[in-house]
Structures are given as C-alpha cells and as structure tokens.
Amino acid sequence: MCGIVGAAARREVSAILVEGLKRLEYRGYDSAGVAIIDGDGNIGCHKKLGKVAVLDEAVLQQPLAGATGIAHTRWATHGQPSEANAHPHVSADQIALVHNGIIENHEELRESLTAQGYTFNSQTDTETIVHLIHSKITTGLNLLDAVNAAVKELEGAFGLAVINRDEPETIICARSGSPLVLGLGIGENFLASDQLALRQVTDRFIYLEEGDFAEITPDSYRIWDKDGAEVEREKLHLTDRAESASKGKYRHYMLKEIYEQPDVIRNTLQGRIGKDQILEQAFGTEAKAILDKTKAVQIVACGTSYHSGMVAQYWIEGIAGIPCRVEVASEFRYRKFVVQEDTLLVTISQSGETADSLAALRLAKTLGYASTMTICNVAQSSLVRESDLALMTEAGPEIGVASTKAFTTQLVALMLLTVALGRRRGLNKESEAEIVQALHGLPTLLEETLTLDKPIHKMSEAFAEKHNALFLGRGAQWPIAMEGALKLKEISYIHAESYAAGELKHGPLALVDAEMPIVAVAPNDELLEKLKSNLEEVQARGGELFVFADKASGFSSGEGVHVISVPHVADVIAPIIYTIPLQLLSYHVAVLKGTDVDQPRNLAKSVTVE
C-alpha cells in the first residue's frame, strides 16, 4: 500500500521524484525515500522516517544529482516504520529497488540469500527482492533478465521498479497484483503506481497489465507480457485538469471533496439519465444481455464501499425485487458458499485496485457467477479491465484518505443499476420516472444540505472531549449511520459504533450515559415513529442526542436533544443526502481535536495489499 515513482531523463530528476511522492502521499506516509544514479555511476540514496516533507528537506540539504532514479512513500506491512525499513532498498551498492505489495515467501528467500552471504539491514519482505535480483546479476544477467528471473521465484503481489548502476539510463519495472503506469515524454520517460504522480511532467500514459514487464530509458520504452512476448499497450492522452489535485481555497482535501459532491454527482448522472428514464446504453454494449439474465446480485466490497453496497441491498431487493447479498471482500474469499443461478457479481471500489476485492473478483470467475460488474472511479484500474461491465462513478481524484465523494457517487451508480434491474422485474415507467426526477434534483439538494456546515461546526464542539459515540439509523439509513461512525473513528480517533436503532434494547443501551453522544439520522419515512421510540429510550437513560432530521419529522431541540433540520427529500435518495451532515460532523470534530484530517494515522488511501 505504497507509492512508487521513477524517472529516466536527460535532466535532473530529484525534484520530479519528490513532487511525484507528494502527489502519492495518500497511498502511504510513514516513511519515504529516493535513489538516484549520479554522473559517476554511483547510487545516492536518502530515506527518511515520516512524511514526504521530511525527505524533501533532506534532498534540499544534501542534493542528489542524476537523471535516472526511483522513489517511494511507504505504509508499513512488514517491519515497523523506520529509516532502515524505508524504501528504496539497495544491494551491494549496485541495485536499488522500490516495491508495492507483499511477498508471501520472503522468509524462505531470506534464508536462502543469507546462506549465500547476503546481509539484511531491514525487517521488510522487499529487501529479499533486491538481494535476489543482485544474485541473478552476479551470474552475468543484465538487469532486465535478472528481474525477470527473480520474479519467477516470488509469491505474492508486487509492483517493482529497479535500477542498476551499471545500466545508468535504465529502469526495469514489473507488475503482478499491484498497479503501475508508464508516463511518456520527449527525451524522458517515467513510471508510477498512479498517473496522478506524473501529471506535472506528462499527459501521455500507458497502463501496464497484469504480469507485464517494462523497460524505460530517456528515449525509449519496451513492454513484455507475462509470457515474455514483447507487446504494445494502448497509449492514453489524459486531459482532466491538474487543478483537481489541489486543495484550492479549502483547508483540507477532505473538505474540498465534501463540497465537490454536487458537481461530481452531476458528472455521474451525465449521459446516464434522460428526462424520465435511465439510459441503459451507458452501462456498456454487453449490459442488456447481462442484465436480462440476472436473477440475483452478489456485492463484494471493503470499508466505505461495503457500506454503499449495504444501502444498495435495500434498493435492489426493495425496488428491483431480486435477491441481493453483500459481503466484505476479505471474508468472501475464505468461506464456502452457494452461488445462486444467474447471479451478477458486483465489486465496488474507489481505486479499482483494492486487493481483497480484486482477489474476490478473480475467485468469482471460477465459481459459476454469470457475469461480473464493477462500480469504480478509476477507468484504467484492474477491476475495470477484468470485469464484464464497468460503471464509472466519475468522482475525479479523491485525495483525502477518508472517502467522501467516492461514496456518494457509488450510491448514485448503484441506484442506476437498481433501476436497470428493476425494469426487468416490473418497475413501471411511472415509478422509474419518479426516481429519475429525484436524481435530477439531487445535486441541488446536496448544495442546500451543505449550507448546514456552520450549525454542524457548532454541534461538533460537543464531541471534542468525548471518547465514544453511537450512531443510529433504520432501514437504508442504518448503513449511512455505519458510514458516519466509520468517518468519525477514521479521522478523529473517537471510538464510534453504529447500530440499527431497534437493536439498542438488545445490548448497546447499556452503554448510554451523559458521556456517550448518540447521533441519529431521521428522514421522514415509514420508520420514523419506530426511530422516535428508540431515541426516547436513549433520553430516558440520560443520553445526549444529536439528530439530523427531516424538516417535517417533528423533531425539535430541547434539553439533551440537538436537532439539525435536513431538507425534505424523496425516500429513495435520502441515504445520499443524509451522508453529507455526517461527513461534515466528522470533519469538524477532527479539526477541533487537531488530528491529521487528510492522512489519518495507520491508514492509506488505496489498499493494494491483503
């Protein structure tokens, strides 16, 4: 779960590499490092504990000259965060390597390499790879052949970039289960784990496919597939504005991304809904045949995306009238289950590289699922390329680790899928038109909901000294309460749990006291009166309530009850609207507590390891 950048050029590359790391810091930020081959053929290396800014300062103080180099920002999987465990790793002052992923057989490799005389300076699985490649070099192989030979001995997932002081203009990279992209220039070429890292130097990219090897020099690039055949991959010219990666006027990326939601949801809907119907053609040329035969849906996702899948379960069963199961990807992979006939497997992921979801997709292809589909935000990601259908969320780059706009655009995409499935199960034109009209009005309602920012900021003060919180919802709002609890714990480090409100009396009510804030989402739906009864149970036990309620719900502020009125919305889109206040609450609590909002401790944005 790390960020990789590489450059082979005819100019100094240290500034390019460090800037690329800054743009990749959402992927990992416990340490960072850079290695560059200088004009004398020596490898200079800086590695620093902490964020990229620490490395940047070190490079300014002790510049690394050279035109070929690799860099890395780390999120620890093997070995604690330290300079010794930071990448790049170097072998015999000759080979330097950066790595994203996990090598499962590193212990056996370490034993073998130790017996050959190699000394290990870190606790990482990565150091085994660089020594393994060096051992191949000592047999007379060039860097390309040495890397090719070494990876055949690796078990696990990896994205690699390697340099050799004896081939000072060359970088070799390899991809197996971890994304890599090439960036093409004139007299210079680049690589990274995300094109975002390279937008300051190029707008032309090639996404490597699973099993690919590549060699880049300042003047050329070559790609080989997993069978060793030299291949051409599609070149893409990306034109989206680089400004999307800037915070602009906002203090944090997270706040910027919360406020972007009306616009990005307009993008999600664009070309996919007409005046009163969804435009199914936007799902892809194979969509009609796949959806026609779908009799059940299995959703697989992780984290925030799992919560969007839970909302979709209410929609798909309630609107489309077909069975829907939702499972955490890491559990899906490791249990036996029964696959219903003609089931569509749907994966949901912001990055499209989530390791557990990707593994679940690959497993599902062996288990008899009729078809596969992904709801995703990255067009060239592995999930998109390996699924039969892909519905892009069009959220744009999401830099903040705590997902906001990716979640709401996932919900919109899942509603489109729900309607498409419902058409085949008796959803009439009038009902479809009502849903589509609600979707047309959604961006404006989101803008209105964002005007609640100031009262939510004020409300957040009550949480600044708290250590625990409960979030409550009913029906499709229960997963929204789960998402609210996740956001609060992710960025403020307050322990937060979510329950279906009716479950209070079955145990969680024992936790309620004056020190336990209770957050509830209360749209004006058929479960409102049930929810009110649940909240009265909380009040009777001295709990302090913080309620986001429909203007027509009948809630009012009073002793121990703090109410913020949310715009009235159609039930079908209420989960999307009620997400916004919970995002804002979590954000303001985190700011008050002084935590790192965009880069919370122990977390990374793109979870590309199991």
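Just want to confirm a number: the relative contact order over region 450-598, from Cα pairs under 8 angstrom separated by 6+ residues, in percent. Walk me through the intermediate numbers first.
Numbers: 268 pairs, mean separation 45.6, N = 149.
Relative contact order for region 450-598 comes out at 31 percent.
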The chain: angle of helix 477-492 to the longest principal axis, Cα-based, in degrees nearest 10: 50
Describe numerically, in nm with one decimal, the distance between label points set 7 Å from Cα along Cα→Cβ at Q116 and at E286. 4.2
For K293, counting only lysines whose alpha-carbon sits under 23 Å away and dropping same-chain residues fewer than eight positions off, the answer is K365, K429
Mind checking the dipole of region 247-427: about its Cα centre, +1 per Lys or Arg Cβ, -1 per Asp or Glu Cβ, Debye to the nearest 20? 120
Mind checking the dipole of the chain: about its Cα centre, +1 per Lys or Arg Cβ, -1 per Asp or Glu Cβ, Debye to the nearest 20? 860
Could you calculate the contour length gain from A92 to H78, that is, 0.36 nm times the residue separation minus the distance between their Cα atoms, to one decimal place in nm? 2.9 nm
At 222 nm, what value in deg cm²/dmol follows for the chain if DSSP H runs of at least 4 each add -39500 (n - 2.57) and the sum is divided by all its residues, to the nearest 500? -10000 deg cm²/dmol
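Kirkwood Rh, region 280-344, all Cα pairs: how many Å?
Here the Kirkwood hydrodynamic radius works out to 12.8 Å.
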Put +1 on the Cβ of every Lys and Arg and -1 on every Asp and Glu Cβ in region 450-576; which of S556, A469, L450 then has its Cα farthest towards the positive end of the dipole? L450
Relative to the longest principal Cα axis of the chain, at what angle does helix 574-593 sit, 0 to 90 degrees, rounded to 10? 60
Starting from 0.36 nm per residue, how many nanometres of slack lie between L238 and E529 once their C-alpha separation is accounted for? 99.7 nm
Quick one: if you stick a label point 7 Å off each Cα along the C-beta vector at T138 and Y250, how many nm between them? 5.2
Which GluC sites (Glu not before Pro) from region 96-204 combine a DSSP loop assignment with at most 16 other Cβ atoms within 10 Å? E104, E153, E155, E169
Could you name the aspartates and glutamates whose alpha carbon sits less than 18 Å from that of K489, not counting residues in the same chain fewer than 8 places away? E461, E465, E497, E515, D596, D598
On a straight-distance basis, which lysines could pair with K22 in a cross-link, Cα separation under 21 angstrom, same-chain partners fewer than 8 positions away excluded? K47, K48, K51, K247, K249, K256, K605
Could you compute the FRET efficiency for E537 and D571, with r as their C-beta to C-beta distance and R0 at 25 Å, rounded to 0.05? 0.55
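With +1 on the Cβ of every Lys and Arg and -1 on the Cβ of every Asp and Glu, and nothing else charged, how large is the dipole of region 20-93 about its Cα centre, in debye rounded to the nearest 20? Present the calculation step by step, with values, prior to reporting the outcome.
Values: 7 positive and 8 negative charges, 71 e Å.
With Lys and Arg at +1 and Asp and Glu at -1, about 340 debye.
For an R0 of 25 angstrom, estimate the FRET efficiency from the Cβ-Cβ distance between E153 and R362 and round to the nearest 0.05. Intermediate values should be presented prior to the final figure.
Numbers: r = 22 Å, r/R0 = 0.87.
So, using R0 = 25 Å, E works out to roughly 0.70.
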Give me the angle, in degrees from 0 to 90, between the Cα long axis of helix 405-423 and the longest principal axis of the Cα atoms of the chain, rounded to the nearest 10. 60
Region 326-345 versus region 50-91: alpha-carbon centroid distance in Å: 40
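If one computes P(r) from the Cα atoms of region 247-427, what percent of pairs lie at distances over 31 Å? Don't jump to the answer; show the numbers that get you there.
Working: 1950 of 16290 pairs.
For region 247-427, the fraction of Cα-Cα distances above 31 Å is 12 percent.
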Among G352, G274, V589, whose Cα projects farthest towards the positive end of the dipole of the chain, with charges put on the beta-carbon of Lys, Arg (+1) and Asp, Glu (-1)? G274
Length gained when the stretch N105-A464 is fully extended (0.36 nm per residue, less Cα-Cα span): 124.7 nm
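Every number here is computed from the coordinates shown, using simple stated rules; none is lab data. What you are looking at is a predicted structure, and each value in this text was computed from that prediction instead of being measured. Methodologically, a virtual Cβ is constructed for each residue, glycine included, from the backbone with ideal geometry; neighbour enumeration extends over all protein chains shown.
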